[in-house]
Amino acid sequence: MSDAPELPPRPLPPRGVATVVGEWLQWIGLARLVASAVSVLIVIGGAVWLLRAPAPTTEATIPLAQGSAPAVTLPPPSTVTTSPVTDSRSLFVHVAGAVASPGVYQLGPSARVIDAVTAAGGPVADADLDGLNLAAALFDGQRVYVPHAGEVDPAAVPSGGGDVPAGASDDAHSGPVNVNTATATEFEALPGVGPATAAAIVDDRTRNGPFASVDDLERVPGIGPSKLAALREQVTV
């Protein structure tokens, strides 16, 4: 028996790269290798998509104009002043008596007695509005007299109406008054007829035509049976 010492086993010769790759491919299998490759590609594609910069908006692609835009100059405000225009159909009415501000007032063509009283500041505390027909229509040049409480009939107050014929007095009349031709001033000269009632008679005659008889006066606001009886001998048709 030999007494020579035992030598360590000699290492295996190095394997080549192709050998190692072949062994790995054999261990992993082709199906697993393909699946792993697809997974890696998906991960890389997702990362690239997430990191990709967003596309610029349409506004960002529009080139900016050089310099500043010219300022818009607005036209100066109009300095034209309009003067009040007087309507040829306006009525000028004298309001007197128990009102806050007696005087001459310009009213519209369809104004009523109540409008004239309101324009004059309204009635005072002791005004007697029962002596007026507040709904009667007005005429140009009329005088509306608002009596105080306990005052005499407004018909006794002289009235300067615009319908007074030249040379005629306010309270003078000869014979019965023709209700189809008389002016408001002539009506005011009759007993118990004030400016409002006189205006109402003229307004009714204008709108509804001539009176066929004296009895037709009863259709005028403010003329009742008792007033008609007092007027019957003073008027005619």
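Based on what the data block shows, is Thr73 polar (S, T, N, Q) and at pLDDT below 50? Spelling it out, it is not the case that Thr73 is polar (S, T, N, Q) and at pLDDT below 50. Annotation note: of Ala166, Ala196, the sole residue that is out of contact with any strand residue (DSSP E or B) (no Cβ under 8 Å at 6 or more places or on another chain) and either at pLDDT below 90 or not basic (Lys, Arg) (or both) is Ala166. Taking region 192-237 as the range and being in contact (Cβ under 8 Å) with a residue 40 or more places away in the chain, of a type in the set (Asp, Glu) and not in a loop (DSSP other than H, G, I, E, B) as the test, only Asp203 passes. Taking the options Pro191, Pro210, name whichever one is surrounded by fewer than 23 Cβ atoms within 10 Å (Cβ to Cβ) and under 25 Å from Val117 (Cβ atoms). From the options Pro191, Pro210, the qualifying one is Pro191. In the set Ala111, Ala116, Ala96, Ala120, only one residue is at pLDDT below 90 and within 28 Å of Gly224 (Cβ to Cβ); that residue is Ala96.
The values are calculated or read from the model by the stated rules, or taken from the named source; none is laboratory data. No experiment lies behind these values; they were computed from the predicted model shown. Don't worry about glycine lacking a Cβ; one is built from the backbone with ideal geometry, like all the others, and counts go over all protein chains shown.
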